[in-house]
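The values are calculated or read from the model by the stated rules, or taken from the named source; none is laboratory data. Model, not experiment: these values are computed from the prediction. Cβ placement follows ideal geometry from the backbone for every residue including glycine, while neighbour counts extend to all protein chains displayed. When the accessible area is computed, the model is the full protein with side chains, heavy atoms only, and any ligands, DNA or RNA have been set aside. Shrake-Rupley method; radii C 1.70, N 1.55, O 1.52, S 1.80 Å.
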Amino acid sequence: MMSKSYTNLLDLASGNFPVMGREKKRLPRVMTVAGVISELDDDQANSVTSDVPSSIIVDRIIIVANQLPVKAKRRSDNKGWSFSWDEDSLLLHIKDGLPDDMEVLYVGSLKVEVDSSEQDDVSQLLLDRFKCVPAFLPPDILSKYYHGFCKQHLWPLFHYMLPYSVSHGSRFDRSWWEAYVAANKIFSQKVIEVINPEDDYVWIHDYHLMVLPTFLRRRFNRLRMGFFLHSPFPSSEIYRTLPVREEILKALLNSDLIGFHTFDYARHFLSCCSRMLGLEYQSKRGYIGLEYYGRTVGIKIMPVGIHMGRIEAVLQLADKESRVGELKQQFEGKTVLLGVDDMDIFKGVNLKLLALEEMLKQHPKWQGRAVLVQIANPARGKGKDIEEIQEEIQTSVKRINDKFRQPGYEPIVFIDHPVSLSERTAYYSVAECVVVTAVRDGMNLTPYEYIVCRQGIPGSDCTAESNGLKSSMLVVSEFIGCSPSLSGAIRVNPWNVEATAEALNEAISMADGEKVLRHEKHYKYVSTHDVAYWSRSFFQDLERSCRDHFRQRCWGIGLSFGFRVVALDPNFKKLSIDSIVSAYSRAKNRAILLDYDGTLMPQTAINKAPSPEVISIVNSLCGDERNTVFLVSGRGRDSLSQWFSPCEKLGIAAEHGYFLRWSADKEWEAGQNNDFQWMQIAEPVMKQYTEATDGSSIETKVSALVWHHRDADLGFGSCQAKEMLDHLESVLANEPVAVKSGQFIVEVKPQGVSKGLVAEKIFATMAESVRQADFVLCVGDDRSDEDMFEIIGNAINSGILSSSTEVYACTVGQKPSKAKYYLDDTTEVRTMLHALAEESIPPPSDIVT
């Protein structure tokens with residue numbers, strides 16, 4: 001039965017997440033937790049963010065996936081259901097790598113449809129006996145969610161297939177997206193029913209549930225949550241075609257750790273975050289992280305492995321059933337190549353058949369000897385594409401067999417029905433080579449299973465060689481996730497049929513000694529990097545990523561899939577206007593230091609000149625005789641003095657302090673270093689990069705050179721900036737200059753010039769004139785302003801500032817900073833300064849009597 005909450009799926013997709021309708025009978029919570037309603041969450045009725053640990057501390061992880069690791073079967077009397085573990089499910093074996101005392105709970109759907117009248121009983125049975133919580137999806141949502149958005153849109157897109165025409169893939173369907181959101185909402189409700197948010201970990205799996213992190217993060221701000229993508233993640237050029245691209249990216253970033261099989265997949269994800277969200281990753285001590293509103297989202301790269309015990313147990317079973325012996329007899333005198341693939345358009349089965357045909361044509365010695373056994377697992381999806389590929393494969397099999405058939409010999413044995421793992425291991429054991437020619441695949445564990453089966457069980461008939469030496473050979477596509485970890489395999493571009501044919505010939509013609517060495521190398525890796533190793537590694541990184549959760553102050557902001565959690569250090573807080581106005585009113589000697597770009601003026605503004613409002617505010621502050629007001633900027637002195645000419649009492653520190661003027665009637669003071677011969681070295685280097693980087697430019701100042709790349713391609717500009725930084729540091733190594741990077745800039749300036757030194761000089765001059773500052777306001781937005789924030793603490797220690805000085809070091813934007821306070825944007829900065837200006841005492845000549 002469909003809840004009223006789902007009647008308007010457009011609300012779900014647009015972000016108006018309604019409260020789920022309550023069922024008559026709910027699953028009991030496994031644990032309960034005391035909580036408080038967050039006053040800062042925009043979804044107040046549903047947000048639990050307790051800072052008080054629960055009274056029962058039990059380590060537990062909730063594993064969420066599209067399908068539960070259980071098999072369901074209707075009883076013979078048609079009265080109820082019988083359930084059993086699905087031993088082939090990867091999720092079932094995740095617990096092998098987790099701590100022994102950790103409880104594992106599963107949330108997912110069933111492969112069968114359960115009548116609404118039976119759902120409560122089935123839910124209770126699965127929870128009690130299997131620790132599984134089923135999510136029942138209404139048929140209409142299931143069809144659009146799984147067979148629609150997942151299989152007809154996400155799956156092809158993540159495998160680099162774009163719907164260029166109606167006949168070539170499925171175009172984006174808004175109703176499918178709405179169903180996807182609705183299904184993720186149902187999964188989130190099932191997690192919420194059983195979660196203890198203070199103690200539990202949540203591990204979400206695969207592309208079916210990519211927006212689930214947002215639903216859970218909205219409810220529990222400090223939830224410890226990881227996500228692992230088992231499919232490829234496409235390049236940014238492909239991913240950016242997705243109409244809901246930012247919604248999915250932002251949802252994933254609500255996780256604490258995001259896992260991928262290979263660096264390529266992770267690199268593509270990071271590139272998307274950079275190009276679409278402006279996020280840059282950092283690598284520290286081997287760990288990759290993305291700074292996202294004060295939270296560090298970890299990026300994990302670790303290919304999944306197989307369950308060794310499961311394969312070895314099945315090998316023993318296959319041996320007892322003598323299936324291996326039967327196959328050896330069937331293929332006596334033949335060299336067996338094996339393919340095991342799902343029936344879908346990305347597995348490249350037909351390319352494999354064409355490569356075999358080419359090999360038999362180019363190397364006739366294998367005619368009558370080489371046999372390809374191709375096992376085709378049933379298709380998981382539906383659609384015209386699947387039907388077409390099935391027909392194409394059947395046609396190729398028939399044609400090639402007709403072409404090379406001999407008495408007692410057919411080059412292709414095509415098996416298009418389900419094959420048990422026991423049967424499959426028997427085929428692995430007799431195959432000389434496994435061939436995987438997928439044009440794109442997330443991981444593909446077939447080569448791993450094959451290697452273990454060729455190793456066999458000691459004392460068993462399931463061994464690769466009668467002399468006791470084990471060998472195996474692999475021909476694998478370079479476009480599958482397991483390829484980087486199999487260094488001894490022959491890697492191929494499956495689209496190059498001729499090269500693949502030569503690879504097949506090389507594999508089965510290789511000397512036995514070489515096969516043994518390659519097999520030993522592969523087996524050592526596969527046997528040590530099994531599913532337990534993978535899950536243990538992921539969980540350890542998840543623990544590390546979440547270790548500061550309860551130390552930080554967190555709250556949720558934003559609507560729809562723009563929702564995110566802002567996490568800040570407990571000592572880092574938003575600047576209260578009432579608090580600073582109160583301190584300002586009490587002070588007798590104030591120092592006010594203001595950055596310009598990004599602080600008084602938005603970085604994105606086209607017209608960089610200050611508005612009349614800014615001029616008025618600055619003039620009001622300067623008019624109070626208790627104030628020493630300075631504009632501290634990286635801009636040149638000419639533009640700043642011209643723009644702020646109405647502010648006669650304003651001090652200006654231009655070019656990061658190389659030029660300094662205390663007021664309009666004072667002379668400019670210049671830095672001591674006036675030797676600019678280094679510019680003749682630096683400028684040609686910058687010109688070289690400017691010519692090579694479209695959208696970049698050079699700004700020439702009196703004391704500095706600045707290379708701007710804000711208007712260049714984001715990825716290329718950043719890459720060129722890093723390269724230029726290294727280049728300039730090299731050629732200017734013996735010059736008295738500093739080379740630094742900032743927000744879309746690379747700057748070369750004299751040594752000993754920084755905003756921090758400007759601040760120190762201002763404080764010292766005030767102290768020398770018996771006007772030691774008892775109030776300091778310092779506001780800036782970028783790296784150069786961090787020097788000012790840092791110097792304040794040093795000034796107090798050195799006595800330039802008193803320990804009783806009221807200090808307000810404030811950065812613009814919620815980000816890691818040496819400042820103690822922050823304001824969100826330039827608008828809030830102007831609002832704060834306006835409040836201070838209203839408290840200022842104008843000079844006597846301006847007082848109206």
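Highest average first, the peptides 178-191, 681-694, 359-372 ordered by how many other beta carbon atoms sit within 10 Å of their residues are 178-191, 359-372, 681-694. Straightening the chain between Ile301 and Asp548 buys 86.7 nm, computed as 0.36 nm per residue apart minus the Cα-Cα spacing. Here the label points at Lys608 and Ile577, each 7 Å from Cα along the C-beta direction, are separated by 2.9 nm in the simple model. Relative to its residue count, region 348-394 spans a Cα convex hull of 70 Å³ per residue.
Compute the FRET efficiency between Asp173 and Glu237 as 1/(1 + (r/R0)^6), taking r as their Cβ-Cβ distance and R0 = 25 Å, and round to the nearest 0.05. Intermediate values should be presented prior to the final figure.
Working: r = 22 Å, r/R0 = 0.89.
So the FRET efficiency works out to roughly 0.65.
Whenever you get a sec, compute what percent of the accessible area on the chain sits on carbon and sulfur atoms (1.4 Å probe). Within the chain, the accessible surface is 48 percent carbon and sulfur.
Stokes-Einstein, applied to the Kirkwood radius of region 384-520 over Cα pairs at a viscosity of 1.002 mPa s and 20 °C, places its translational diffusion at 130 µm² s⁻¹. The Stokes-Einstein estimate for region 499-555, based on a Kirkwood radius over Cα pairs and taken at 37 °C with 0.692 mPa s viscosity, is a diffusion coefficient of 213 µm²/s.
Convex hull volume per residue, computed on the Cα atoms of the chain, equals 216 Å³. Give, as a single signed number, the net charge of other residues whose beta carbon lies under 11 Å from the beta carbon of Ala438, with Lys and Arg counted +1 and Asp and Glu -1. Once all neighbours under 11 Å are counted, the net charge is -2.
For a straight C-alpha distance cut-off of 25 angstrom, the lysines reachable from Lys749 (same-chain residues fewer than eight places away being disregarded) are Lys608, Lys666, Lys687, Lys701, Lys722, Lys740, Lys761, Lys818. Overall, the chain carries a charge dipole of about 1480 debye about its Cα centre when +1 sits on the Cβ of Lys and Arg and -1 on the Cβ of Asp and Glu, all other atoms neutral.
Taking 7 Å steps out from each Cα toward its Cβ at Asp115 and Asp713 produces label points 6.1 nm apart.
Let me know the whole percent of all Cα-Cα pairs from region 708-758 that are separated by more than 12 Å.
Numbers: 817 of 1275 pairs.
Result for the distance tail: 64 percent.
Return the calculated 222 nm mean residue ellipticity for the chain, to the nearest 500 deg cm²/dmol, obtained by summing -39500 (n - 2.57) across DSSP H runs with n ≥ 4 and dividing by the residue count. So the helix-based figure for the chain works out to -11000 deg cm²/dmol. Altogether, the Stokes-Einstein calculation at 4 °C and 1.567 mPa s, with the Kirkwood radius of region 722-825 over Cα pairs as Rh, returns a diffusion coefficient of 85 µm²/s.
Once Rg and the Kirkwood radius are both taken over the C-alpha atoms of region 200-275, their ratio Rg/Rh works out to 0.96. With a Cα cut-off of under 25 Å and a minimum spacing of 8 residues unless on different chains, the lysine pairs in region 93-250 number 18. A cut-off under 15 angstrom between Cβ atoms defines the neighbours of Phe775, and their net charge, with Lys, Arg +1 and Asp, Glu -1, is +1.
Placing a label point 7 Å from the Cα of Ser802 along the Cα-to-Cβ direction, the residues of region 739-779 with a backbone N closer than 13 Å are 767, 770-776. Kirkwood radius and radius of gyration were both taken over the C-alpha atoms of region 124-224, and their ratio Rg/Rh is 1.05.
The tail of the calculated P(r) for region 259-381 beyond 27 Å holds 52 percent of all Cα-Cα pairs.
Put a dot 7 Å past the Cα of Ser322, heading toward its Cβ, do the same for Trp81, and the two dots end up 4.0 nm apart. At R0 = 41 Å, how high is the FRET efficiency between Glu838 and Gln688 if r is their beta carbon distance? Nearest 0.05 is fine. E between Glu838 and Gln688, to the nearest 0.05, is 0.20.
The residues of the chain have, on average, 43 Å² of accessible surface per residue, using a 1.4 Å probe with all protein chains present. The length gained on full extension between Ser537 and Glu387, counted as 0.36 nm times the residue separation minus their Cα-Cα distance, comes to 50.0 nm. Ordering of 521-530, 644-653, 773-782 by packing is 773-782, 644-653, 521-530, highest average first (other Cβ atoms within 10 Å, averaged per residue).
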